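Nothing in this text is a laboratory measurement; each read-out follows from the coordinates by a stated rule. Remember, it's a predicted structure, so these values are computed and weren't measured experimentally. Virtual Cβ from ideal backbone geometry, glycine too; neighbours counted across all protein chains shown.
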Amino acid sequence: MSVPAISVNDFCKDYGDVRAVDGIGFDVAEGEIFGMVGPNGAGKTTTIECLEGLRTADGGTIRILGLDPVRDGQAVRERIGVQLQQSALPDDIRVWEALDLFASFYRQPVPWAPILERLGLAEKRDAAFAKLSGGQKQRLFIALALVNDPELVFLDELTTGLDPQARHSIWDLVRDIRKRGKTVFLTTHFMEEAEQLCDRVLVIDRGRIVALDTPENLIQNLGGETRVIFTVEDGADPGIFETLPGVSGVETSGGRIVVRGRGDRLVCSVVNTLDGRRVKFRNLRTEHPNLEDVFLAMTGDRMRE
């Protein structure tokens, strides 16, 4: 039986009288993209910093590739790659200089030129850090996390501040890392990112795990409603939808109608009713429950410091 890439048991961390992480436990399998999400102050940063060996746990055990991240720190660092939540380099450092510098930290670094090629940065080899775009800087930080050919890669808030095009490009890079046999542990504030990338997602709140499952199971277990949204041109009695199977409610605003409900045939029933009543409609779309709905249901929608 293979050793989990990450194994956490009854892990606790205190800051004075405040318990930031309160007895959590989970395993991450080899070759998995594992996500951790939670509101501000939930314990995400503390957890990932203890996993990386940057902080010491106050209770419980943490094993990274079978090793203690503090006691066996040097051995662990040789086998993991880390992209920190807040990373920076000197403005004038060249891309190749940064890669040479980081490669010097390891006993057995891999040639970094193929990494640059794979990440689409080969043409920026001689560019200064300050001249890179936001997406290019993020790809460089990924390259720096890969120069030791790590077995396990930590990605902390990888796409914060990036535009949608750059974000999707980074997602493809993360998938490529996993295809090469690596394990990925990531934290994110973007629920769509976790839903798109992760094999499993851990939801943490106030230092405790409130859910851990695949995105699909988390969404299914929420039991959320599908929304069918459309605009009618000549008006329609919303009551014609209220008695349809699976419908739980109907909302109207001007000519816009939202039908809420459950069931595989909800959309068909709404469209057939519109067609049967010869009601002209446009801009019909559906909104299904997603991981953001799960997140809000489990952690609340109140803003936190």
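Taking other C-beta atoms within 10 Å as the exposure proxy, CYS50, CYS12 rank CYS12, CYS50 from fewest upward. Loop-located GluC sites (Glu not before Pro) in segment 225-286 (DSSP state not H, G, I, E or B) with no more than 12 neighbouring Cβ atoms inside 10 Å: GLU233. The magnitude of the dipole of the chain, with charges of +1 and -1 set on the Cβ of Lys/Arg and Asp/Glu and taken from the Cα centre, is near 460 debye.
The label-point distance for SER248 and ARG262, in a model that sets each label 7 Å from Cα toward Cβ, rounds to 0.7 nm.
Which FRET efficiency, nearest 0.05, do HIS288 and ASP234 yield, Cβ-Cβ r, R0 41 Å? That pair, HIS288 with ASP234, gives E of 0.90. Annotation: for a label point projected 7 angstrom from Cα along Cα→Cβ of ASP92, residues of segment 101-138 with backbone N closer than 18 Å are 101, 126-132. Note on THR299, THR56, THR183: ascending count of other Cβ atoms within 10 Å places them as THR56, THR299, THR183, the fewest first.
Its convex hull of Cα atoms gives segment 143-255 a direction-averaged projected area, equal to a quarter of the hull surface, of 11.5 nm².
Over all orientations, segment 195-305 has a Cα convex hull whose mean projected area works out to 8.8 square nanometres. Pairs of Cα atoms in the chain fall into 10 Å distance bins, from 0 up to the last occupied one, in shares of 6, 23, 26, 20, 13, 9, 3, 0 percent. Eigenvalues of the alpha-carbon gyration tensor of segment 225-288, scaled by 5 and square-rooted, set the equivalent ellipsoid semi-axes at 16, 12, 11 angstrom, largest first.
Quick one: longest stretch of the chain between exposed loop trypsin sites (Lys or Arg not before Pro), exposed meaning at most 16 other C-beta atoms within 10 Å and loop per DSSP? Longest run free of exposed loop sites: 1-70. For the Cα trace of segment 88-200, dividing Rg by the Kirkwood Rh returns an Rg/Rh value of 0.95. Listed by chain and number, the lysines whose C-alpha is less than 16 Å from the C-alpha of LYS44, apart from same-chain residues fewer than 8 away, are LYS13. If you bin all the Cα-Cα distances of segment 61-127 at 5 Å, starting from zero, the percentages per bin are 3, 14, 19, 21, 19, 11, 8, 4, 0.
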